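Enquirer: Got a structure for you, written out below as structure tokens; questions coming shortly.
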Amino acid sequence: MIEGFTFDDVLIIPKYSDIPSRKLISLKTKFSRRIELNIPIVSANMDTVTESEMAIAMAVEGGIGIIHRFMPIERQMEEVRRVKRAENILIADPITIFKDATLGEALEVMRKNRITGILVCDAKNYLEGILTSRDVRFKKDLDLKVKNIMTARARLVTAKKGVSLKRAVQILDEHKIEKLPLVDKRGRLAGLITASDFKKISQHQNAAKDKNGRFLVGAAIGVKDGAERAEKLVKAGADALIIDIAHGHHKSAIDLLKNLKRKFKKTDIIAGNVATPQGVTDLIKAGADAVKVGIGPGAACSTRIVAGAGMPQLTAIMEAKKVAKDIPIIADGGIKNSGDAAKAIAAGASTIMVGNLLAGTKESPGEYFIENGAAVKIYRGLASRDASLDRQSVDKNSERQDREPEGISTKVVYKGEAKKIIGALIDGLQSGMSYAGARAIKEFWQKAEFVKITENGSKESLPRPNQ
Ligand code: XMP
């Protein structure tokens, strides 16, 4: 029998450091073979953690969010598109409306897509006008036609397709406008540049972006409809696909992985979850571009109680790293605080995947509600009874709901913006690295050593204000 440890069983041994300030410590890392991040934090592909809003918040900070798969394929595609559109200097394919639509319809499209103005085009995509918040400000009659209230083409400031960004900013500034539509030689819409995107982008220096300057985003797929979902999600712009299977060291996961690797040459495929070196090796052999490690450490997991299976997470990560070599390990589950995050990275993970800590934030799916005077949101395991009942109501062919659940559903206190939680994780991680004398994650892997602690050591580790 082997011995396994988890985060609370160890501490990182403090070592000599000559780093003048923690701010000089780089958290740059690899999410997968070809995807780089500026911070090693990934939001979990759970239906109470990551949809587009969370994925945007993660990318702004330099990490990545994985859109969960418990929604119809079309909706998951839309969530991916929202992230890719979110902060894009050039919106290549702007949302448009016909001039015969009503104000009510236009407002609905704007609300759904969270945009403040909409371009008006004909069926051949010729630009006819724009409807901005200024145009609709005092209009109460929702049956008004767009053509009667829009700013028409003749009064519109536009630029040619291919305009330089520098020139585009000048035009926005000179005309004091918010939106600059781009048109081709014949007057067809060819893109949109907005002033608000410029403002936001200059504030988000550390954001995680693709080579076209769009936010990075991943999307989860399951085994059953994985091939079809994958195809559509890649079309929608997903940078990585994550095979989401509780027991990833399984023939069906490996077959799907091989199939996807044959099909998609440009998209990284992440596989998991596994908890042994053999599991990691088999997934890498099948082509995995990163491996997700963690069986049962998650805050909403009851796998270890129900199935008696799992592996203490720190050992799982350390053993995984030994065989994974250059393929990144994603340490998934069980991160309770920044100290755990530092230990997971020190143990060899390239990134941590976080569920519970990010649940209950403003950006997690669902609204908060008040219970016993406190604002709360739902956080639930994907294998919880509530989650499988919800899935059954949408898809009768989803897994049986009468199985013993391997996850729990709970309420977490509303935490406000995810940025705060991510900031605290970053601070703690940099601090942990500085205690090990490491300026970068690779150096952290080399220098970090753990000490195993006793029960008394564990008690000593906790603040004790009233001892
Ligand atoms: P944390 O601790 O950050 O963990 O909340 C998030 C990870 O937990 C896993 N997960 C589950 N594991 N039953 C399980 O055994 C479940 O119902 C369940 N739901 C989520 C998942 O790996 C996630 O990223």
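Enquirer: Which order do GLU406, GLU61 take by accessible area at a 1.4 Å probe, largest first? Write out the running numbers ahead of the final one.
Expert: Numbers: GLU406 65, GLU61 40 Å².
Sorted by accessible area, descending: GLU406, GLU61.
Enquirer: Please report, as a whole percent, how much of the solvent-accessible surface of the chain comes from carbon and sulfur atoms (probe radius 1.4 Å). Don't skip to the end; give the middle numbers.
Expert: Values: 12140 of 23130 Å².
In the chain, the share of accessible area belonging to carbon and sulfur is 52 percent.
Enquirer: Tell me, what is the per residue accessible area of the stretch 312-467 in Å², probe radius 1.4 Å?
Expert: On the way: 7970 Å² over 156 residues.
For the stretch 312-467, the per-residue accessible area is 51 Å².
Enquirer: Still on this structure, I have one more. Toward the positive end of the charge dipole of the stretch 207-258, about the Cα centre and with charges on Cβ (Lys, Arg +1; Asp, Glu -1), which of ALA253, ILE221, GLY237 goes farthest?
Expert: GLY237
Enquirer: Moving on. Order the peptides 338-350, 227-239 from the highest to the lowest mean number of other Cβ atoms within 10 Å of their residues.
Expert: Values: 338-350: 25.6, 227-239: 19.6.
Answer by packing, highest mean first, reads 338-350, 227-239.
Enquirer: Multiplying the sequence separation of VAL169 and ASN372 by 0.36 nm and subtracting their Cα-Cα distance, what value in nm do you get? The partial results should precede the final answer.
Expert: Numbers: separation 203, 0.36 × 203 = 73.08 nm, distance 5.05 nm.
Extra length available between VAL169 and ASN372 comes to 68.0 nm.
Enquirer: Please report the accessible area of ASP255 (heavy atoms, 1.4 Å probe, ligands and nucleic acids excluded) in Å², nearest 10.
Expert: Accessible surface of ASP255 is approximately 70 Å².
Enquirer: If packing is taken as the average count of other Cβ atoms within 10 Å, what order do 146-158, 43-55 fall into, highest mean first? Intermediate values should be presented prior to the final figure.
Expert: Details: 146-158: 15.5, 43-55: 27.1.
Most protected by this proxy first, the peptides run 43-55, 146-158.
Enquirer: If I take the Cα coordinates of the stretch 113-167 and project them onto the principal axes, what are the three extents in Å, biggest first?
Expert: Cα extents, longest axis first: 39, 24, 24 Å.
Enquirer: Also, quick follow-up: Considering only C-alpha atoms, what is the centroid distance from the stretch 431-467 to the stretch 36-54, in Å?
Expert: Measuring centre to centre over Cα atoms gives 26 Å.
Enquirer: If N is the number of residues in the stretch 96-203, what value comes out of its Cα radius of gyration divided by 2.2 N^0.38 Å?
Expert: Working: Rg = 13.8 Å, N = 108, 2.2 N^0.38 = 13.0 Å.
Ratio of Cα Rg to 2.2 N^0.38 Å: 1.06.
Enquirer: Please state, as a whole number in µm²/s, the translational diffusion coefficient that the Stokes-Einstein equation yields for the chain at 37 °C and 0.692 mPa s, with Rh defined as the Kirkwood radius across alpha carbon pairs.
Expert: Details: Rh = 23.9 Å.
It comes out at roughly 137 µm²/s.
Enquirer: Under 14 Å from a point placed 7 Å out from the Cα of ASN125 along the Cα-to-Cβ direction: which residues of the stretch 63-93 have their backbone N that close?
Expert: Of the residues in the stretch 63-93, 91-93 have backbone N under 14 Å from the label point off ASN125.
Enquirer: Also, quick follow-up: On a 23 Å Cα-Cα criterion, which of the cross-link pairs LYS30/LYS322; LYS84/LYS232; LYS166/LYS420; LYS28/LYS251; LYS211/LYS322 come out too long? Each step should come with its number before you reach the end.
Expert: Values: LYS30/LYS322 17 Å; LYS84/LYS232 15 Å; LYS166/LYS420 33 Å; LYS28/LYS251 34 Å; LYS211/LYS322 31 Å.
Table pairs above 23 Å Cα-Cα are LYS166/LYS420; LYS28/LYS251; LYS211/LYS322.
Enquirer: Now, a different point. Might you report the magnitude of the Cβ-based charge dipole of the chain about its Cα centre, with Lys and Arg at +1 and Asp and Glu at -1, to the nearest 20 debye? Before the final figure, lay out the partial values.
Expert: Values: 77 positive and 57 negative charges, 375 e Å.
Dipole of the chain, to the nearest 20 debye: 1800 debye.
Enquirer: Projected onto the charge dipole of the stretch 96-203 (+1 at Lys/Arg Cβ, -1 at Asp/Glu Cβ, origin at the Cα centre), which of PHE138, LEU165, TYR126 gives the Cα projection farthest towards the positive end?
Expert: Checking the options against the dipole of the stretch 96-203, the answer is LEU165.
Enquirer: FRET efficiency for LYS224 and ALA309, Cβ-Cβ distance as r, R0 = 25 Å, nearest 0.05? Working shown, then result.
Expert: Working: r = 22 Å, r/R0 = 0.89.
After rounding, the FRET efficiency stands at 0.65.
Enquirer: Could you pull out which residues in the stretch 14-57 have an amide N less than 19 Å from a spot 7 Å beyond the Cα of LYS419, following the Cα-Cβ vector?
Expert: 38-43, 51-57
Enquirer: Extension gain ARG33-GLU455, at 0.36 nm per residue separation less the Cα-Cα distance, in nm? Provide the component values of the computation, followed by the final result.
Expert: On the way: separation 422, 0.36 × 422 = 151.92 nm, distance 3.93 nm.
Here the answer is 148.0 nm.
Enquirer: Where in the stretch 1-25 does the label zone of GLU443 land, with the point 7 angstrom along Cα→C-beta and an amide N cut-off under 18 Å?
Expert: 13-25
Enquirer: Now a separate question. Expressed in nm², what is the orientationally averaged projection area of the convex hull enclosing the Cα positions of the stretch 352-396?
Expert: On the way: hull surface 17.3 nm².
Taking a quarter of the hull surface, the average projection is 4.3 nm².
Enquirer: Take the alpha-carbon centre of the stretch 271-317, take the same for the stretch 112-149, and report the distance between them in whole Å.
Expert: With the stretch 271-317 and the stretch 112-149 each reduced to a Cα centre, they are spaced 50 Å.
Enquirer: What is the helix-to-structure angle for 165-174, meaning the angle in degrees between its Cα long axis and the longest Cα principal axis of the chain, kept from 0 to 90 and rounded to the nearest 10?
Expert: So the helix axis and the longest Cα principal axis differ by about 50 degrees.
Enquirer: Give me the number: length gained by fully extending GLN278 to ASN337, i.e. 0.36 nm times residue separation minus the C-alpha to C-alpha distance, one decimal in nm.
Expert: 18.3 nm
Enquirer: For the stretch 314-357, I need the span (max minus min coordinate) of the C-alpha atoms along each principal axis, in Å, sorted largest to smallest.
Expert: 28, 14, 13
Enquirer: Quick one: accessible area per residue over the stretch 29-150, 1.4 Å probe, rounded to a whole number of Å²? Provide the component values of the computation, followed by the final result.
Expert: On the way: 5300 Å² over 122 residues.
Heavy-atom SASA per residue in the stretch 29-150 reads 43 Å².
Enquirer: Tilt of helix 385-394 relative to the longest C-alpha principal axis of the chain, in degrees (0 to 90, nearest 10)?
Expert: 30 degrees
The values are calculated or read from the model by the stated rules, or taken from the named source; none is laboratory data. What you are looking at is a predicted structure, and each value in this text was computed from that prediction instead of being measured. Every residue, glycine as well, gets a Cβ built from its backbone with ideal geometry; the counts of neighbours run over all protein chains shown. Surface areas here come from the heavy atoms of the whole protein model, side chains and all, with no ligands, DNA or RNA. Shrake-Rupley method; radii C 1.70, N 1.55, O 1.52, S 1.80 Å.
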